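Here the structure is laid out as structure tokens; the discussion comes afterwards.
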Ligand SMILES: [Zn+2]
């Protein structure tokens with residue numbers, strides 16, 4: 001089963017490199033997709049302990065905890081996630097977290113500081129969506145920013161093109177740092193096809209590329 005293979009791969013990464021938040025994050029996400037909610041919550045908590053700014057991890061841990069019957073804790077983590085997403089300008093995770101809070105019958109915190117220089121009057125209903133969509137329809141697959149598209153594909157081939165279409169410069173820079181960690185700590189040799197596939201898998205996971 002493909003799920004099991006992925007889970008084992010991510011378990012190995014989380015074990016081999018316990019201080020790498022991406023290993024725990026990816027493992028938590030895979031557990032969640034496999035319906036292993038308690039284990040998902042544990043792995044995502046580790047990822048957040050290592051890096052409390054991963055806004056997407058709050059969305060996932062909120063879902064995992066709620067499914068595991070821990071509604072109060074789910075709401076607490078989601079509420080914290082909203083603050084983090086606002087601080088980072090991560091629109092997409094904010095919207096997803098807000099939707100979960102509404103679904104769970106909990107209040108959705110107002111954005112703390114909406115940077116809306118264009119300040120349309122009477123647009124408070126738009127809170128959290130203050131930036132206009134990009135004219136070319138760009139919206140980063142990972143953070144939802146409507147701007148900061150890469151000037152060109154970061155490398156050749158279909159995956160490079162997908163990244164160019166979908167990922168902002170901020171997220172791409174974050175991946176470079178994380179990718180270097182993945183290579184070093186997993187001992188990947190990118191000339192090796194299987195290692196390259198593993199690396200690509202982490203990259204797709206981290207950047208949350210759409211198909
Ligand atoms: Zn981004």
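All of the numbers you see were taken from the coordinates with simple rules; none came from a lab. Worth saying up front: this structure is predicted, and the values here are computed from it rather than measured. All Cβ positions, even for glycine, are placed from backbone atoms using ideal geometry, and neighbour counts span all protein chains on display.
A few notes on this one:
- Note on residue 193 and residue 151: with the Förster distance fixed at 30 Å, the Cβ-Cβ geometry gives a FRET efficiency of about 0.55.
- Ranked for footprinting exposure by Cβ neighbours inside 10 Å, fewest first, 13, 186, 54 give 186, 13, 54.
- With each label modelled as a point 7 angstrom along the Cα→C-beta vector, the residue 42-residue 104 pair spans 2.0 nm.
- Evaluated on region 132-211, the Kirkwood hydrodynamic radius is 13.1 Å, with distances taken between all distinct Cα atoms.
- Region 5-27 residues near the modelled residue 53 label - backbone nitrogen below 15 Å, point 7 Å along Cα→Cβ: 21-22
- In this structure, residue 12 and residue 173 have a Cβ-Cβ separation that, at R0 = 30 Å, corresponds to a calculated FRET efficiency of about 0.65.
- The Cα atoms of the chain cover 57, 45, 27 Å along the three principal axes, with the biggest extent listed first.
- Region 165-211: C-alpha gyration tensor shape, a/c 1.5 cut-off, then a/b vs b/c: oblate
- Per principal axis, descending, Cα span of region 1-111 in whole Å: 40, 27, 20
- Computed [θ] at 222 nm, deg cm²/dmol, the chain (DSSP H ≥ 4; -39,500 (n - 2.57); rounded to nearest 500): -19500 deg cm²/dmol
- Packing-based exposure ordering (other Cβ within 10 Å, fewest first) of 206, 25, 104: 104, 206, 25
- From the alpha carbon centroid of region 152-211 to that of region 84-112 is 27 Å.
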